[in-house]
Amino acid sequence: MADTAVLTQFLAFTLADETFAIEVESVREVLEVIPITRVPRMPDFMSGVINVRGSVVPVIDLRVKFGMEAVEKTINTCIVVIEFGTGDAKVVWGALVDAVQEVLEFDGSQVEPPPRVGTGLGTGLLKGIARRDERFVMILNMDRMFSDEELSELKKTEG
């Protein structure tokens, strides 16, 4: 990762029984699950769109995106509103997750490169893996989350 002395903050959340994290700087806000409007002919992993202060925000079920069963909504289920990219390439979307856990801090020495095989998440989707107590935290690479075609579909739904 980056400089080993620099601490980076990550928002940790769960999908199934696994812990994932994204850099806090990518997180706009965390919302309780609100009604999601289904959009016809969207990819399976796209749950629909929500209204966030007058803006249309596409919502992705990360479990489906990662090849897991769809999120079963509970009191802990929430939508993490994420913004990534720069300038005209900036994309805002919501990630439907089982539960948000906490903000974690890791420095570069605590984050190991992702394994080359066996993750099932596709090449480049993980930035790295860190250890927290007895569990692993998979740090997602927001820049590699979507293919060009998927990004195009997301941008069509933004308002």
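The values are calculated or read from the model by the stated rules, or taken from the named source; none is laboratory data. Since the structure is predicted, the reported quantities are computational estimates derived from the model, not experimental observations. Quick reminder, even Gly has a Cβ in these numbers, built from the backbone with ideal geometry, and neighbours come from all protein chains shown.
May I ask you to say which residue of VAL39, VAL64, VAL56, VAL30 is without any contact (Cβ under 8 Å) to a residue 40 or more places away in the chain, surrounded by 13 or more Cβ atoms within 10 Å (Cβ to Cβ) and either in a strand (DSSP E or B) or of a type in the set (Val, Ile, Thr) (or both)? Lay out the reasoning, then the answer.
Working: VAL39 fails: without any contact (Cβ under 8 Å) to a residue 40 or more places away in the chain; VAL56 fails: without any contact (Cβ under 8 Å) to a residue 40 or more places away in the chain; VAL30 fails: without any contact (Cβ under 8 Å) to a residue 40 or more places away in the chain.
None of the other options fit; the residue is VAL64.
Specify the residue that is modelled with the highest pLDDT; the eligible residues are those in the stretch 4-32 that are acidic (Asp, Glu) and more than 22 Å from VAL52 (Cβ to Cβ). In this case the residue turns out to be GLU18. Residues in the stretch 1-59 that are of a type in the set (Phe, Trp, Tyr) and within 24 Å of SER152 (Cα to Cα): PHE45 alone. Taking every residue in the stretch 67-84 that is of a type in the set (A, V, I, L, M, F, W, C) and pairing it with any residue that is assigned to a loop (DSSP other than H, G, I, E, B), at least 6 positions away or on another chain, the pairs with Cβ-Cβ distances below 8 Å are MET68/ALA16; VAL71/THR77; VAL71/ASP98; CYS78/VAL33; ILE79/VAL33; ILE79/ILE34; PHE84/LYS90; PHE84/MET145.
Here the stretch 1-27 is the region considered, the condition is being in a strand (DSSP E or B) and small (Gly, Ala, Ser), and the residue that is nearest to the chain's Cα centre (by Cα) is ALA21.
Considering the stretch 42-92, the residues that are over 16 Å from the mean Cα position of the chain (by Cα), farther than 23 Å from MET138 by Cβ and not aliphatic (A, V, I, L, M) include one that is modelled with the lowest pLDDT, namely THR86.
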